[in-house]
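Below you'll find the structure, written out as structure tokens, and then a few comments.
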Amino acid sequence: MIKRYSYSPIIDTGAVVKNIPLSEGSPTPFILTGDGAFVYHMSDKCRIYGLGEATRGINKRGWIYDGWCTDEPLHTEDKRALYGAHNFILFDGEDRFAAFFDIPGKITFDLGYTESDTAVITPESFNLELYIVTGDSLKDIVSQFRALIGKSYMPPKWAFGYGQSRWGYVKEEDIRSCADRYTDAGIPLDMIYLDIDYMDRFMDFSVSSERFPDLEAFAAEMKSRGIRLIPIIDAAVKKLDGYSVYDEGHEQGYFCKDADGKDFVVGVWPGMSVLPDFLDPEASRWFGMQYKALTDIGIEGFWNDMNEPALFYSEKALNNAIEELKNKSDISLDALNFFGLRDTMNRLQNSPDDYKSFYHNAPEGRFRHYDVHNLYGYKMTKSAFDALTELRPDEPSLLFSRASYIGAHRYGGVWTGDNHSWWSHILQSLQQMPGLNMCGFLYSGSDIGGFGGNCTRDLLIRWMSFAVFTPLMRNHAAFGTRSQEAFAFGDTEVFRHIIELRYRLIPYLYKSFVKAVESDGMFFRPLAFDYEDDGIAATVEDQLMVGDSLMIAPIYRQNAVARHVYLPEDMRLIRMSKGDISTEELNKGWHYVSVPMGDVVFFAKSPIPFAPPAMNTSELQWENLETL
């Protein structure tokens, strides 16, 4: 059952596609305090699920989170927000219910942080709608919510292949060399991603004629080898007279405005830039149709970035900071003054004051960006999806985004942003997946090996052994970091076997994904969702169910060669070792499972189909499969 409570919404967020009549005379499980907080007193054993890609465990109890799309490159445990605002929480205790706070601005979830037995949810404004969902089981509650918000995005089949990315493939030959080295090593590959290097001066929808003299021919060359090129698109547009995207958007008034009605100017990758107003339907359609410049030359997929939106600085704030620095020019600064000087520059990036300084023109009226901040990345994804559906009507396009809000799941997937080459981020990625699934984001994954930092061979092996099961399987790294391609560590055999296993499992993974989309289900689930009466299963934070039949329990600690695994029922252990696959019957209960470096171990409740090895999805066999 779903109940809806309205608190004077100011704007249609678009998150809900099936409206629920306003509930009257039916109290929510929350106490609404005089200062505008929703309070719920929890039992000792109450667990809390959801919140999408938030940090920390599968059970979110004990920490404080912000629903606020945040450009945060350091995903440490003390962070309260990352790139998505996913305001869905599920309480499982003496009461069992879920709550979705549909609010375009900021909201804080204190889930036993201040007081261990109390959840306090505090919106910054009362422009929200609250949906309360109850049901017969955890899966039933999630399924009802997913039916409310609409079907999840369905990517093309080839998007389940393996992809290689790097900020630093600066010219055509870098990408050709990458493809050649994968081919020479016999490692499957379906996609190579283009970061901002392919652009002319970091300008959206442009291509550097010097570094990529004929991208159309090059894309065709790569596709003939079974590899698709997937370029990045950033949210900001370079402010440059003579650049057609800027000229058209400026002339039509399609960019966000400052308080005086002028284009709001910010510094991002291209330097001085402007922000498309995705809340304006005309501006949104206009920006989406710009993708035609790349679809016309054979591009079939995109990843949208920097769309929280991320701001390095605003023109006004930078000038103020420079003046402040001039007034602090005394080189004999003491400690406090020095830190203040440093913070003057640090405060420029993604400043709340900047978010309060520009405005959108939506059908419902003019809104300060700060008050509708969480809708920006979502609306950019919808802009691209709508246009790509029109531009490429005969087949789906690959599309995923960094920033998101519930509702964007209908138009694209997500990746979890700028993680690091840290062992803890394998576990973090695993724990984010079910939360994202609850919010409708099924096509998801993390940057394998970590985006920032320097990856090691053992870290990449273990990360890939988990990412074999994520719908989006992409290795991505930052400029200036160590190369972490599957061929970059000398001996490539172990990586070939792991990625080959991914392709052998694609028929199972794809079928499970389609079923989750069609049934409003979850591709990844905590064990507690399948084994509600098993008290041990409810405490397991590092294993997941994948589809109907599989359970995974990856290695995520350095130097570990085995781990404890809990089986909530009798299962078969399936082991891939040096390309060979074997099985072993195990009884319900705890097991200490050996996982030597390079082995991939997972568990099955029923027979699993395996395809023969393939170098890409176009060669993959989908019928008459072997079952184990």
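Just a few scattered comments:
- Once the Kirkwood radius over Cα pairs is known for region 1-114, the Stokes-Einstein relation at 4 °C and 1.567 mPa s delivers a diffusion coefficient of 84 µm²/s.
- Selection from F97, V142, W167, by position along the positive dipole direction of region 96-177 (Cβ): W167
- Near the amide H of S208, within less than 5 Å, lie the amide hydrogens of M199, D200, all on another chain or at least 5 residues away, with H placed in the peptide plane.
- Accessible surface computed residue by residue for the chain, with neighbouring protein chains in place and a 1.4 Å probe, gives 37 Å² per residue.
- Atom-type composition of the exposed protein surface of region 2-89 places 51 percent of the accessible area on carbon and sulfur (1.4 angstrom probe).
- Computed over region 265-345, the quotient of the alpha carbon radius of gyration and 2.2 N^0.38 Å is 1.68.
- Within the chain, DSSP assigns beta bridges of which about 75% are antiparallel (rounded to the nearest 5).
- Accessible surface of region 404-511, 1.4 Å probe, proportion on carbon and sulfur as whole %: 51 percent
- The base-10 log of I(q)/I(0) for region 469-628, evaluated at q = 0.09, 0.12, 0.17 Å⁻¹, reads -0.33, -0.59, -1.16 [Debye formula, identical scatterers on Cα atoms, solvent excluded].
- The lysines within cross-link reach of K151, meaning a Cα-to-Cα straight distance under 19 Å and a gap of 8 or more places when in the same chain, are K18, K139, K379, K382, K511, K515.
- Taking the inverse of the mean 1/r over every pair of distinct Cα atoms in region 213-362 gives a Kirkwood hydrodynamic radius of 17.8 Å.
- Viscosity 1.306 mPa s, temperature 10 °C, Stokes-Einstein D of region 460-527 from Kirkwood C-alpha radius, µm²/s: 116 µm²/s
- Each Lys and Arg Cβ is given +1 and each Asp and Glu Cβ -1; about its Cα centre, region 338-434 then shows a dipole of about 220 debye.
- Entries in K223/K292; K45/K588; K3/K356; K262/K326 that, when Cα-Cα distance is taken, lie over 26 Å: K3/K356; K262/K326
- Distance distribution note for region 395-458: the fraction of Cα pairs above 15 angstrom is 52%.
- Volume per residue that the Cα convex hull of region 160-281 spans, once the total is divided by residue count, Å³: 127 Å³
- Whole-percent carbon and sulfur share, accessible surface of region 218-349, 1.4 Å: 51 percent
- Net dipole in debye of the chain [+1 Lys, Arg Cβ; -1 Asp, Glu Cβ; about Cα centre; nearest 20]: 760 debye
- Dipole magnitude of region 351-406 about its Cα centre (Cβ charges: Lys, Arg +1; Asp, Glu -1), debye to nearest 20: 180 debye
- When the alpha carbon gyration tensor of the chain is reduced to an equivalent ellipsoid, the three semi-axes, largest first, read 36, 33, 24 Å.
- Over region 559-628: Kirkwood hydrodynamic radius from C-alpha pairwise inverse distances, Å: 13.7 Å
- Built amide H within the under 5 Å cut-off of L194, gap 5+: I230, I232
- For the pair region 359-402 / region 1-57, the C-alpha centres are spaced 25 Å from each other.
- Candidates per trypsin sites (Lys or Arg not before Pro) in region 30-128, loop by DSSP, up to 11 other Cβ within 10 Å: K45
- The largest-to-smallest principal axis extents of the Cα set in region 356-468 are 53, 41, 25 Å.
- Amide proton proximity set for M473, modelled H, under 5 Å, gap of 5+: G163
The values are calculated or read from the model by the stated rules, or taken from the named source; none is laboratory data. A quick note: this is a predicted structure, and the numbers were derived from the prediction, not measured. A quick note on method: Cβ atoms are made from the backbone with ideal geometry, for glycine too, and the neighbour counts reach across all protein chains shown. SASA here: full protein model, heavy atoms, side chains in, ligands and nucleic acids out. Shrake-Rupley method; radii C 1.70, N 1.55, O 1.52, S 1.80 Å.
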